[in-house]
Amino acid sequence: MPHLKLGLSMFRMGYHIAAWRHPDVPADGAMRLDAFLRVTQAAERGLFDLVFLADELAVRGSDNPPGAQARSGAAAELEPLTLLSALAPLTRTIGLVATGSTTYSEPYNLARQFLSLDHLSGGRAGWNVVTSWGAEDALNFGHMTVPDYDTRYDRAAEFVDVVRGLWASWDADAFVRDKATGLFHDPAKRHVLEHKGRCFTVRGPLSMARSPQGEPVMVFAGDSPAGRDIAARSADIVFTAKQDLADAKAFYASIKERLPAHGRREEDVVVMPGLMAIVGRTRDEARAKLDALQALIDPVLGLASLYDRLGDLSAHDVDGPVPEPKDPAFRSRAEVMWRLAQREGYTIRQLYMALASGRGHRVVVGTPADIADEMAHWQAERAADGFNVIPTHLPAAIDDFVEMVVPELQRRGLFRLAYEGPRLRDNLGLFRR
Ligand SMILES: Cc1cc2nc3c(=O)[nH]c(=O)nc-3n(C[C@H](O)[C@H](O)[C@H](O)COP(=O)(O)O)c2cc1C
């Protein structure tokens, strides 16, 4: 088996909805360089391929039930590209991947920003391409609503082609800078894009030398057929959120089978599902870590996490049964939740606790061996080439993973003992043909 690839998603100092209230978490960490540096250095010590920053272009979410918004840890965080640029000189080998929106940016700006990060970091940058689905994002860019799905995806497909075209503006040896002859660049090695498409007209070339790793790494996280197609054409890495093995296998197969149509091989794309690993030296210790976080969930936030599917439950006893959904507006989305509560005998509190931690990702609570078993099984079953680690809270979750799970994976021959090289593509083993 090839070695697993590992990413760490370090958004907001953790994904558990009560993360910011945990005594070990700096409550203002998402606004602090030193907090992100501490986390990134831990991941680098653990030989992770990359750290990853998700992004939203608004304070998302409604205040339902009232008071929920003021209790969420989501309203204060640093801008990803700026943050990763600050981390670049303070780290050596780990990849630095930021999210960038194709809906609310222009290809020339974005191509320039990511290629700058790539140069500043010596070839360690990656771009997570998103089309930004949030209704609140649209309101910050002159739209009343989110542009419709096809509009966003048409724009995304062209956007990605333009960015990659701009990144190819110069051959690697175009800048001769010969002081004796006075020649700065070789004009034969300059490629003017001259793009004229439906959404963009971009002449080029980009005012920047070629990437130290050929091209920054391209990451996609879309799930729809359009999202999968665009990934098959241009992705190096695909992130996904899959809770069960059968879904993950189907997703993996659907990405890999799309590749030949684009002249690409299976091994050209790394599929990385999210994995929330809550690890302890014993299963009881792991469980206790999760329980400590669960106890910190403010009931208003717990109810808010159910609001979209079950409506406002604040008039009900949180330790009583989940009421049968009556409102037809909620009916279909509510049914899955309600049936789950029925099957497990969950109260309202138990239901939101069951959903609170993983945010749609696979959650495994156990010993290092339990976590490694699960990762090995998903790899062997062709559901994953690696994992994007989704921490409950930081820095504790990455410290635990690096101290306990990484050595276990290494012992089994599933993970590297040293970085393969200085650039992100060296470690991913992904150079474009
Ligand atoms: C692991 C992962 C990370 C994501 N990160 C972001 C993000 O940072 N910002 C964002 O707006 N959307 C993010 N998304 C949403 C996706 O880009 C995409 O909009 C969503 O999965 C729906 O995909 P589809 O529109 O192709 O169905 C993420 C999705 C996944 C699975």
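Among all residue pairs at least 6 apart or on different chains, which show Cβ distances below 6 Å where the first residue, located in segment 201-228, is at positive phi and the second is more than 15 Å from the ligand (Cβ to nearest atom)?
Filtered contacts from segment 201-228: G204/L166; G204/S169; G204/V192; G204/L193; G214/R432.
Right, F415: touching a Gly at 6+ places or on another chain (Cβ under 8 Å), modelled with pLDDT of 95 or more and buried (at least 22 other Cβ atoms within 10 Å of the Cβ) or not? Full working, then the answer.
Numbers: touching a Gly at 6+ places or on another chain (Cβ under 8 Å): no; modelled with pLDDT of 95 or more: yes; buried (at least 22 other Cβ atoms within 10 Å of the Cβ): yes.
Judged against the criteria, F415 is not a match.
Within segment 153-162, can one find any residue that is modelled with pLDDT of 95 or more, more than 15 Å from the ligand (Cβ to nearest atom), open to solvent by 30 Å² or more (accessible area, probe 1.4 Å) and not in a strand (DSSP E or B)?
yes
Residue by residue through segment 38-59, note down the ones that are of a type outside the set (D, E), away from the ligand (no atom under 14 Å from the Cβ) and either without any contact (Cβ under 8 Å) to a residue 24 or more places away in the chain or open to solvent by 10 Å² or more (accessible area, probe 1.4 Å) (or both). If you could, list the steps in order and put the result at the bottom.
The first filter runs over segment 38-59 and keeps only residues of a type outside the set (D, E), leaving 38-43, 45-48, 50-54, 57-59.
Filter again for away from the ligand (no atom under 14 Å from the Cβ), leaving 38-43, 45-48.
Matches in segment 38-59: R38, Q41, R45, L47.
Please name all residue pairs, on different chains or six or more residues apart, with Cβ atoms under 6 Å, provided the first residue is in segment 69-97 and is farther than 20 Å from A42 by Cα and the second residue is open to solvent by 10 Å² or more (accessible area, probe 1.4 Å) and not in a helix (DSSP H, G or I).
The qualifying pairs are Q69/D63; R71/D298; A75/V59.
So which residues in segment 74-98 are away from the ligand (no atom under 13 Å from the Cβ), under 18 Å from the mean Cα position of the chain (by Cα) and under 20 Å from R21 (Cα atoms)?
Within segment 74-98, just L78 meets the criteria.
Could you tell me which residue of segment 102-116 is nearest to G429 (Cα to Cα), considering only residues that are away from the ligand (no atom under 16 Å from the Cβ) and touching a residue at least 60 places away in the same chain (Cβ under 8 Å)?
The qualifying residue nearest to G429 (Cα to Cα) is L115.
Return yes when S116 is modelled with pLDDT of 95 or more, under 20 Å from G227 (Cα atoms) and open to solvent by 10 Å² or more (accessible area, probe 1.4 Å) and no when it is not.
no
Any idea which of E408, E420 is open to solvent by 10 Å² or more (accessible area, probe 1.4 Å) and farther than 29 Å from D24 by Cα?
Exactly one of E408, E420 is open to solvent by 10 Å² or more (accessible area, probe 1.4 Å) and farther than 29 Å from D24 by Cα, namely E420.
Can you give me the ranges of the helices (runs of 4 or more DSSP H) entirely in segment 1-106 with at least 2 residues that are closer than 28 Å to Q410 by Cβ and out of contact with any strand residue (DSSP E or B) (no Cβ under 9 Å at 6 or more places or on another chain)?
Filter on segment 1-106 gives 33-45.
Quick check on segment 237-257: of everything there that is more than 15 Å from the ligand (Cβ to nearest atom) and surrounded by 16 or more Cβ atoms within 10 Å (Cβ to Cβ), which residue is farthest from D385 (Cα to Cα)?
L245
When the residues of segment 219-236 are filtered to those that are part of a helix (DSSP H, G or I) and open to solvent by less than 10 Å² (accessible area, probe 1.4 Å), which remaining residue is nearest to the ligand (Cβ to nearest atom)?
G227
Do you know which of the residues in segment 118-152 that are in a helix (DSSP H, G or I) and more than 16 Å from the ligand (Cβ to nearest atom) is farthest from C199 (Cα to Cα)?
By that ranking, first place goes to L120.
For segment 1-37, how many residues are over 20 Å from the mean Cα position of the chain (by Cα), surrounded by 24 or more Cβ atoms within 10 Å (Cβ to Cβ) and either among the charged types (D, E, K, R) or at pLDDT below 95 (or both)?
0
Given (1) surrounded by fewer than 20 Cβ atoms within 10 Å (Cβ to Cβ); (2) assigned to a loop (DSSP other than H, G, I, E, B), where does H377 come up short, assuming only one miss?
The failed condition is (2).
Regarding segment 386-403, can at least one residue be identified that is in the same structural domain as S254 (by TED's automatic domain parsing), open to solvent by 30 Å² or more (accessible area, probe 1.4 Å) and in a strand (DSSP E or B)?
no
This table checks each residue for (1) assigned by TED's automatic domain parsing to the domain that holds T151; (2) buried (at least 21 other Cβ atoms within 10 Å of the Cβ); (3) in contact with an Asp or Glu (Cβ under 8 Å, 6 or more places away or on another chain); (4) of a type in the set (A, V, I, L, M).
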{"position": "N64", "(1), (2), (3), (4)": "yes, no, yes, no"}
{"position": "G67", "(1), (2), (3), (4)": "yes, no, no, no"}
{"position": "E77", "(1), (2), (3), (4)": "yes, no, no, no"}
{"position": "G95", "(1), (2), (3), (4)": "yes, yes, yes, no"}
{"position": "W133", "(1), (2), (3), (4)": "yes, no, no, no"}
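The values are calculated or read from the model by the stated rules, or taken from the named source; none is laboratory data. These numbers come from a predicted model, not from an experiment. Cβ sites come from the backbone with ideal geometry, for glycine too, and all protein chains shown count toward neighbours. In case anyone asks, the SASA skips ligands and DNA or RNA and just uses the protein heavy atoms, side chains included. Shrake-Rupley method; radii C 1.70, N 1.55, O 1.52, S 1.80 Å.
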